[in-house]
Amino acid sequence: MGHRLRDIRVLISGAGVAGPALAYWLTHHGARVTVVEAAPALRTSGFAVDFRGPTHLGVLERMGVLDELRAVQTHAGAMSCVDEHGREIFRLPAEFAGGDLEVRRRDLSRVLYERAADRVEYLFGDTITALSETSTGVVVDFARSGSRTVDLVVGADGLHSGVRALGFGPETGFVRHLGHYLAGWDMPAVPGVGSVPEQYNLPGRMASIATDPRDPAVGGAFVVFAAPRLEYADRDLGQQKALITRALSGMEWHVPRLLAGLAAAPELYFDSISRVVVPHWSTGRVALLGDAAWGVTLGGMGVGTAVVGAYVLAGELAQAGGDHVTAFAAYEERMRGYASKWQRGANPGAFLAPKTAFGLRFRNTMFSNGLVRRMLVRSTKSLATAPELPDYLD
Ligand SMILES: Cc1cc2nc3c(=O)[nH]c(=O)nc-3n(C[C@H](O)[C@H](O)[C@H](O)COP(=O)(O)OP(=O)(O)OC[C@H]3O[C@@H](n4cnc5c(N)ncnc54)[C@H](O)[C@@H]3O)c2cc1C
């Protein structure tokens, strides 16, 4: 264990992917770390997420979690687009949809959490309600845990970051709705559907279903639909289910069964497909990491850039001996080009649910072409590969 950050107290908001990864690296360099997570436990919804290329895999290896993640990889990743009769129109290869290592988001979050849980303080079911910076630290008020003073605060609390809202300004200034919504839920498996997701489209709407490769009784439903910004309450499951049901009504194929599964689902992942752009990722002693700083919903590289960013942020802090001004600037310098190169072109809704009949035909024709598919695999891998990362000293 290193000591370069000994006596530095860091509070991280969010125990998704970026938060536990950063907690690991900061404690590796000797810092004292607390993670506050709004949910009462690690969140379990969501689907498969993937890592691509040597940069992502290299950081997982340095963390010592690569083998454990390989042991729980889905081995899925391909995607089959079908018509209303279930006939395949085209199939995306596993390397495009699933990268080099595909795991379920819940497995990833758990493995990263367990890697340093014994030396990190976790406050589940709580949030930060106020941040006020002094010359020597940040006074943090929590909804349930009183208040305390720390040296640094990092917002790793996702697309709708609470730290960003408190420290940088309202979400509307940073999060752009890209014109689609997505939803995912677990339900009983649909007979005849295997572990390769089958996806059915009408213009502006997509529904898909796959069977969990490790539990043949469980199906994962995933839908995307085009819509302008919708008003709904974050925690109102009934309202969100009604919006999704309305958006998919009248679709055939397995959709009526998917909607019956939705009605019974105890947990749901529902969000707009959005892009986050924040001009500066730090202000004083507060910094942003992962989706809070550079997210694109379903952008395909959210988890990869989150673990790389966590490695770099902790490493720069260690290298600067805890001097946050130097470290935050170096972190942003190293990560901004890498994150924004990928982020700029990412618009997953436009690919998953083209809005017009013409757009849908065009996509299907393009992806039926093997050469186009191979070019896409190559280009995502090169976007994921960063110039050499430093070996930060312990
Ligand atoms: C439930 C869920 C399911 C997902 N499923 C998929 C998927 O299937 N495919 C995909 O490509 N991407 C998915 N994502 C997004 C993906 O996890 C991220 O792109 C990537 O992991 C980057 O991680 P992050 O840690 O920055 O943010 P996230 O993984 O979003 O984690 C943020 C964490 O912060 C917590 N949080 C939010 N607000 C607060 C607050 N105010 N105070 C404290 N904690 C807070 C959240 O509960 C969450 O645990 C999902 C995200 C979530 C939250």
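Residues in region 288-331 that are part of a helix (DSSP H, G or I) and away from the ligand (no atom under 16 Å from the Cβ): GLY315, GLU316, LEU317, ALA318, GLN319, HIS324, VAL325, THR326, ALA327, PHE328, ALA329, ALA330.
Restricting attention to region 146-162, the residues that are among the aliphatic types (A, V, I, L, M), more than 15 Å from GLY295 (Cα to Cα) and in a loop (DSSP other than H, G, I, E, B) total 0.
Going through region 290-336 one residue at a time, which ones are in contact with a Pro (Cβ under 9 Å, 6 or more places away or on another chain) and more than 15 Å from TRP25 (Cβ to Cβ)? Within region 290-336, VAL296, THR297, LEU298, GLY299, GLY300 meet the criteria.
Condition check for GLU95 on (1) modelled with pLDDT of 95 or more; (2) in a helix (DSSP H, G or I); (3) not hydroxyl-bearing (Ser, Thr, Tyr): one failure, at (1). Among the residues that make up region 54-61, is at least one of them in a strand (DSSP E or B) and either of a type outside the set (Lys, Arg) or surrounded by fewer than 17 Cβ atoms within 10 Å (Cβ to Cβ) (or both)? No, there is no match, as no residue in region 54-61 is in a strand (DSSP E or B) and either of a type outside the set (Lys, Arg) or surrounded by fewer than 17 Cβ atoms within 10 Å (Cβ to Cβ) (or both).
Every residue, every condition in (1) at positive phi; (2) free of Cβ contacts under 8 Å to residues at least 60 places away in the same chain; (3) not assigned by TED's automatic domain parsing to the domain that holds ARG119, yes or no:
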residue: ARG4; (1), (2), (3): no, no, yes
residue: VAL17; (1), (2), (3): no, no, no
residue: ALA21; (1), (2), (3): no, no, no
residue: ALA39; (1), (2), (3): no, no, no
residue: MET63; (1), (2), (3): no, no, no
residue: ASP67; (1), (2), (3): no, yes, no
residue: ARG70; (1), (2), (3): no, yes, no
residue: PHE90; (1), (2), (3): no, no, yes
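Pairing each residue of region 163-176 that is on the phi < 0 side of the Ramachandran plot and part of a strand (DSSP E or B) with any residue that is within 14 Å of the ligand (Cβ to nearest atom) and hydroxyl-bearing (Ser, Thr, Tyr), provided the two are 6+ apart or on different chains, yields C-beta distances under 8 Å for VAL175/SER274; ARG176/SER274.
Among the candidates ASP151, ASP186, the residue that is in contact (Cβ under 8 Å) with a residue 60 or more places away in the chain, surrounded by fewer than 22 Cβ atoms within 10 Å (Cβ to Cβ) and within 13 Å of the ligand (Cβ to nearest atom) is uniquely ASP186. All conditions but one from (1) buried (at least 18 other Cβ atoms within 10 Å of the Cβ); (2) within 15 Å of the ligand (Cβ to nearest atom); (3) more than 19 Å from the chain's Cα centre (by Cα) apply to ALA221; the one that does not is (3). Could you say whether any residue in region 67-82 is part of a helix (DSSP H, G or I) and under 21 Å from VAL193 (Cα atoms)? Taking every residue of region 67-82 in turn, none turns out to be part of a helix (DSSP H, G or I) and under 21 Å from VAL193 (Cα atoms).
Taken over region 18-48, the criterion of being within 14 Å of the ligand (Cβ to nearest atom) and either in a strand (DSSP E or B) or touching a Ser or Thr at 6+ places or on another chain (Cβ under 6 Å) (or both) is satisfied by THR34, VAL35, VAL36, GLU37, ALA38, LEU42, ALA48.
Of all residues in region 338-373, which are without any contact (Cβ under 8 Å) to a residue 12 or more places away in the chain, assigned to a helix (DSSP H, G or I) and not aliphatic (A, V, I, L, M)? Matches in region 338-373: ARG344, GLY345, PHE358, ARG361, PHE362, THR365, GLY370. Considering only region 377-391, I want to know if a residue exists there that is in a helix (DSSP H, G or I), closer than 20 Å to GLY290 by Cα and among the β-branched types (Val, Ile, Thr). Yes: region 377-391 contains one or more residues that are in a helix (DSSP H, G or I), closer than 20 Å to GLY290 by Cα and among the β-branched types (Val, Ile, Thr). Of the residues making up region 271-317, not one is under 22 Å from LEU11 (Cα atoms) and without any contact (Cβ under 8 Å) to a residue 24 or more places away in the chain. Quick check on region 75-84. Is at least one of its residues among the hydroxyl-bearing types (Ser, Thr, Tyr), over 22 Å from PHE142 (Cβ atoms), more than 16 Å from the ligand (Cβ to nearest atom) and at pLDDT 90 or above? Yes. Only a single item in (1) buried (at least 18 other Cβ atoms within 10 Å of the Cβ); (2) more than 20 Å from the chain's Cα centre (by Cα); (3) more than 30 Å from SER132 (Cβ to Cβ) is not met by ILE273, and it is number (2).
Suppose the filter is more than 7 Å from the ligand (Cβ to nearest atom), crowded, with 24+ Cβ neighbours inside 10 Å and either more than 15 Å from the chain's Cα centre (by Cα) or within 29 Å of ASP271 (Cα to Cα) (or both); does VAL10 pass it? Yes; evaluated as a whole, the condition is true for this residue. Against the list (1) in a strand (DSSP E or B); (2) touching a helix residue (DSSP H, G or I) at 6+ places or on another chain (Cβ under 7 Å); (3) modelled with pLDDT under 90; (4) more than 16 Å from the ligand (Cβ to nearest atom), the condition ILE89 fails is (3).
The values are calculated or read from the model by the stated rules, or taken from the named source; none is laboratory data. Since this is a predicted model, take the numbers as computed values, not measurements. We place every Cβ from the backbone using ideal geometry, glycine too, and count neighbours over all the protein chains shown.
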